[in-house]
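Contents: one structure, followed by commentary.
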Amino acid sequence: MVEPLRNLRHPAEKGHPRSLTYTVICTTRRSRPAVKRVIALDGTSETVVMEETVKDPETHLAASTSGLALEEARKTSHGGDVRWYQRQDLLVWLYGMVFIGGLIGAIFGLGSYRGWYAPSGLAYNDTNTTRERFLPEPYEPEEGVKGRDGTDPSARWYFWKLRPELVTPWTRLFVWVCYTVHQLLAWWLLYLAQVNKQLRQPYTVHQLLAWWLLYLAQVNKQLLAWWLLYLAQVNKQAEKGNKYSTKLNKYNWAAVAVHTFFHLLHLAQTHLTYDATAQDVSIGSSQGSVIVALLFVMIIEFRDRGVFFGWPSVTTTDRAGKAMRSWSRESVRLVRKYHGYVIMWAAVYTCWYHPMENTLGHVMGFFHTWILMLQGSLVYTDLHLNRYWRFSLEVWVTLHGGLVAWQTGGLEQMGTRLWPMFAFGFVALVVVTQLFGLPFWKHLPTWSRVIPAAAFLAVILYCYSWIPDKNGNPWTRLWEPIVIPINNWGFALVICVLVTFGLYVERKLTNGSSPNNALSTFGRVAHGCGFLLMYLIIVFIAWAIQYYDFQISGPSQMIVHEAIWIVFVVVAGFFVRRLVEAKAEKVSVEPKEKHEIPGKGVTGSYGSFPMSLDDGKVKESILS
């Protein structure tokens, strides 16, 4: 960011300043270093107070020409100035941990009270309650029985759902109503929170400076460029700086209450009608939704940690790294802004896919979906940005995935049929990609980043020296740990390609200009319906795969679902983006006379529009 303005108002004038000091970052050519100038503006004269070379202009301003920013435009909260027990976001986080701990205790307590014990299909004959509630796991195909015949039936069959004779329209309808209401409320609160932050508050001083620069721009094109970049930068600072604090707004509190209520309702529903949505939609739809959410998280974090051992970073100088960051800039920016809708869908959808059964795999899954919802509830708080908390959200799947694979993998191949691929695959992602978003790596030498990977390599070489294949041979499964990383890196790239293509199509449809912000009531309803339709199609496809019993083997299920899901969630993202950005309003300006810029008597009008910078150039601007 640009080092902002220190003296925005003249000491003698608290109203309409005539003396201003502002900071400019400018370069004449890309090959020359950027120069930071602090300029005092008094009337129509300018005085350069300070001038120095900027070593890394990208960290000051995402521009290579010139720019302007004001410190007053960014009002950040300083966590260090607030004691921990005064931080609402931290207290709510602590509440969330206590709540999910209590809920897990209730899941185990109520399940044990009712005699439930069904950790997997392997324990089918251990208790009468399991035999009374479920069909056995189809380890062997049952000819002619839908869902239990054909290719890899045990991978396509979800064990924890009621026997067909126990299923009624009521057991199906009740859980779908619960899920639908929960999902819509979660999205609605997220939308309201985002729109509330998108709306501009009156920036009196900023308006006055903008009017002054606009007036001077009548005779100076350089000042016009500064004015345009000022609007873009203030817009960006207003979106970033004013958003985050230690306090929760009403939408945060409402989201916490909604998720708490529906988790308690889900527990009651499990012990009332039992079946979750797994009775009607494919098992791969739940697994795929969580992986898609994690793919979006990878894209969100790309800007700060890169892909491989922190590469490419902001300071990357090699051609490939710079090209990767430059090409993905727009798509990453869009994903960072609208990722919440995808992750909230994945968390709520997966939560209602499973009943609250008292198994370790289930409660670890509910812990994961809960903390994702808690993170969504803490949107625009400082804790939402905490890197260690975000790291925990992302890597929890390593523990959960490995445990579930071990729990359901059976005794074949010394009990190693499934868990090595999932456990080692997710750990590989951690040591190659995810670990380097943590702040302490910036203080360590670059060569140290390979240490976790080297230790991990030694572990897997040892483990695969005795992990057997179907024929009892070791070493032959050494390829397994790379499957999940390649899948995630590849699909994250596909998402960026799809978003980039969507932006290209949007520019073509609007002739290269930004879409009109104005949306009629019908337009808003249409875009909202378009957003919902994309997710409705996802649910329909998941239902069709289940109902028509598509013969998809276990490992392929997740890949097929991911490939389909990302297309529809990306399209849905463009619908919600249009809705949110349509809510951005022009700054209210009341001139003394019609068509007069206040205080200057210059014909014209002024409005604030969302704009973005692309390689230092104003990409989208409207000046009326």
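Quick look at the numbers
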quantity	calculated
Test: residue in segment 297-313 that is in contact with a strand residue (DSSP E or B) (Cβ under 7 Å, 6 or more places away or on another chain), farther than 17 Å from ILE486 by Cα, in the same structural domain as GLN434 (by TED's automatic domain parsing) and surrounded by fewer than 22 Cβ atoms within 10 Å (Cβ to Cβ)	no
Residue match in segment 431-441 (condition: surrounded by fewer than 17 Cβ atoms within 10 Å (Cβ to Cβ) and without any contact (Cβ under 8 Å) to a residue 12 or more places away in the chain)	yes
Test result for THR204, among the β-branched types (Val, Ile, Thr), buried (at least 19 other Cβ atoms within 10 Å of the Cβ) and modelled with pLDDT under 90	no
Matching entry among GLY401, GLY437 (being in the same structural domain as ALA155 (by TED's automatic domain parsing), under 24 Å from ASP152 (Cα atoms) and touching a helix residue (DSSP H, G or I) at 6+ places or on another chain (Cβ under 7 Å))	GLY401
Residues satisfying the stated conditions in segment 97-143, i.e. among the aliphatic types (A, V, I, L, M), under 30 Å from LEU372 (Cα atoms) and in a loop (DSSP other than H, G, I, E, B)	ALA118
Criterion violated by GLY111 - all others in (1) over 30 Å from ASP280 (Cα atoms); (2) touching a Phe, Trp or Tyr at 6+ places or on another chain (Cβ under 9 Å); (3) modelled with pLDDT of 85 or more satisfied	(1)
Residue within segment 421-440 that is β-branched (Val, Ile, Thr), at pLDDT 85 or above and more than 23 Å from the chain's Cα centre (by Cα) present	no
Residue tally, condition at negative phi and either of a type in the set (A, V, I, L, M) or part of a loop (DSSP other than H, G, I, E, B) (or both), over segment 296-337	18
Filtered residues of segment 475-506 (kept if under 13 Å from MET421 (Cα atoms) and among the hydrophobic types (A, V, I, L, M, F, W, C))	LEU478, TRP479, ILE482, VAL483, ILE484, ILE486
Condition broken by SER448, with the remaining ones in (1) of a type in the set (S, T, N, Q); (2) part of a helix (DSSP H, G or I); (3) under 30 Å from ASP152 (Cα atoms) satisfied	(3)
Condition met for THR171 (surrounded by 15 or more Cβ atoms within 10 Å (Cβ to Cβ), part of a helix (DSSP H, G or I), more than 32 Å from the chain's Cα centre (by Cα) and in contact (Cβ under 8 Å) with a residue 60 or more places away in the chain)	yes
Answer from SER289, SER282 - the residue that is under 19 Å from the mean Cα position of the chain (by Cα), crowded, with 21+ Cβ neighbours inside 10 Å and of a type in the set (Gly, Ala, Ser)	SER289
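Table: residues versus (1) modelled with pLDDT under 90; (2) closer than 21 Å to ILE291 by Cβ; (3) β-branched (Val, Ile, Thr).
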site	(1), (2), (3)
LYS508	yes, no, no
ASN511	yes, no, no
PHE522	yes, no, no
CYS529	no, no, no
LEU533	no, no, no
ILE541	no, yes, yes
HIS561	no, yes, no
ILE566	no, yes, yes
VAL571	no, yes, yes
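The values are calculated or read from the model by the stated rules, or taken from the named source; none is laboratory data. The shown structure was predicted, so the numbers you read here are calculated from the model rather than taken from an experiment. All Cβ positions, even for glycine, are placed from backbone atoms using ideal geometry, and neighbour counts span all protein chains on display.
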